[in-house]
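Taken together, the values in this text are just the output of simple stated rules run on the coordinates, not laboratory data. Because the structure is a prediction, the values reported are computed rather than measured. Note that each Cβ is placed from the backbone with ideal geometry, even for glycine, and that neighbours are counted across all protein chains shown.
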Amino acid sequence: MARLKRWLLAVDFDGTLAPIAALPGGVRPLGAARRALARLAARTDVAVAVISGRSLSDVRRRVGLRGLTYGGNHGAELAGPWGRWRHPAWARARPRLAGAAARLRRELAGRPGLLVEDKGLSLSVHYRLAPRGTGPALERRLRRLCAETGLSLSPGKKVWELRPAAPWGKGKALLWLRRRLGCAGSPVFIGDDATDEDAFRALGSAAFTVRVGRGRSRARYRVAGPGDVARLLDAAASALGSSVRPDRGWRPERGPARRKGPRRAARPRGRRCSP
């Protein structure tokens with residue numbers, strides 16, 4: 001079957017499509033963001049992907065839209081209308097991850113505010129609800145465990161992630177997906193966390209990259225929160241609906257998102273994107 005020339009629009013889930021919640025089970029996407037994604041996914045000239053640190057089944061269930069590509073475990077497992085793929089080295093590490101999860105549940109039992117989440121191809125240890133000062137001691141414990149098991153440790157927002165050591169992340173996943181789907185033009189990626197910086201870096205300066213929230217970033221643009229992401233996606237869907245080019249109809253904040261501190265939220269105003 002001949003490949004359609006589409007452009008890739010990918011978004012993170014937690015903190016991007018959905019506000020952060022105290023517990024991972026309480027997170028839901030904003031209705032406006034979900035409706036805009038549905039409009040974009042219905043088009044033949046746009047390939048929409050939601051790439052999350054959650055498991056594939058979890059993020060797919062929470063978004064609940066057809067016609068999209070879903071990426072779980074930072075793109076180590078991908079599924080969409082085109083088929084399904086899993087990173088072979090990450091899949092082979094499953095026994096080590098299961099053993100690490102069982103050990104952590106034993107060792108952390110009774111520790112207030114700590115949650116061990118087994119996501120199949122990776123583990124998350126959440127400490128958002130833990131007492132102040134828990135983070136450093138938890139990090140030391142997890143680093144010792146990773147040294148013993150050959151896993152790697154990555155930080156997130158009030159969470160530590162244990163992953164297979166094989167180098168993979170959202171950046172490589174999006175480049176792989178772009179080739180697999182035969183997408184053309186500059187890709188779009190929107191994300192809010194440290195793991196999304198990998199994608200901003202891999203996609204490069206030609207991509208339309210948007211950081212959600214505060215903090216230093218390699219993204220070209222910045223918005224304040226998930227509500228702004230919903231408005232940005234809605235503006236893209238409306239612009240495409242009127243036969244405007246995919247890189248028109250968006251006007252985020254100008255300049256690279258590199259300094260710390262809050263910034264004015266990006267607003268979709270006008271037809272021209274002016275980086």
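Kirkwood hydrodynamic radius (Cα pairs, Å) of the range 91-164? Let's see the in-between values first.
Working: mean 1/r = 0.0821 Å⁻¹.
Mean inverse Cα-Cα distance, inverted, gives 12.2 Å.
Counting pairs of alpha carbon atoms under 8 Å apart in space and at least six apart in sequence, what relative contact order in percent does the chain give? Walk me through the numbers on the way to the answer.
Values: 552 pairs, mean separation 50.4, N = 275.
Averaging sequence separation for qualifying contacts and normalising by length gives 18 percent for the chain.
Which cross-chain or sequence-distant (5 or more) residues have an amide H under 5 Å from the amide H of Lys157, H modelled 1.01 Å from N in plane?
Ala194
Taking the Cβ of each residue in Glu107, Glu161, Glu148 as the centre, tally the other Cβ atoms inside 10 Å and list the residues starting with the fewest.
Values: Glu107 13, Glu161 23, Glu148 10.
With the fewest neighbours first, Glu107, Glu161, Glu148 line up as Glu148, Glu107, Glu161.
Can you give the translational diffusion coefficient of the range 167-208 in µm²/s, computed by Stokes-Einstein from the Kirkwood radius over Cα pairs at 25 °C and 0.890 mPa s?
Translational diffusion coefficient: 235 µm²/s.
Using only C-alpha atoms and all pairs of different ones, pull out the Kirkwood radius for the chain in Å with one decimal. Show your work: numbers first, answer last.
Numbers: mean 1/r = 0.0522 Å⁻¹.
Over the chain, the inverse of the mean reciprocal pair distance is 19.1 Å.
How big is the gap, in Å, between the Cα center of the range 7-68 and the Cα center of the range 142-185?
If we compute the Cα centre of each part, the gap is 19 Å.
Give me the percent relative contact order of the range 91-164, please, defined on Cα pairs under 8 angstrom at least 6 residues apart. Mind dumping the intermediate values first?
Values: 97 pairs, mean separation 21.1, N = 74.
The value is 29 percent.
For a quick check: sort Trp7, Trp176 by the number of other beta carbons within 10 angstrom, fewest at the front.
Trp176, Trp7
Just how large is the dipole of the range 91-164 about the Cα centre, in debye to the nearest 20, putting +1 at every Lys and Arg Cβ and -1 at every Asp and Glu Cβ?
40
Under the rule of -39500 (n - 2.57) per DSSP H run of 4 or more residues, summed and divided by the residues of the chain, what mean residue ellipticity at 222 nm is obtained, to the nearest 500 deg cm²/dmol?
The helix-only estimate for the chain comes to -10500 deg cm²/dmol at 222 nm.
Within a Cβ distance under 13 Å of Gly72, other residues only, what is the Lys/Arg minus Asp/Glu net charge? Mind dumping the intermediate values first?
Details: positive: Arg54, Arg60, Arg61, Arg62, Arg84, Arg86, Lys119, Arg163, Lys170; negative: Asp12, Asp14, Asp58, Glu77, Glu117, Asp118, Glu161.
Local net charge: +2.
Net charge within 15 Å of Cys146 by Cβ-Cβ distance, Lys/Arg positive one each and Asp/Glu negative one each, not counting Cys146 itself?
Values: positive: Arg96, Arg103, Arg140, Arg141, Arg143, Arg144, Arg163; negative: Glu107, Glu139, Glu148, Glu161.
Net local charge, Cys146 excluded: +3.
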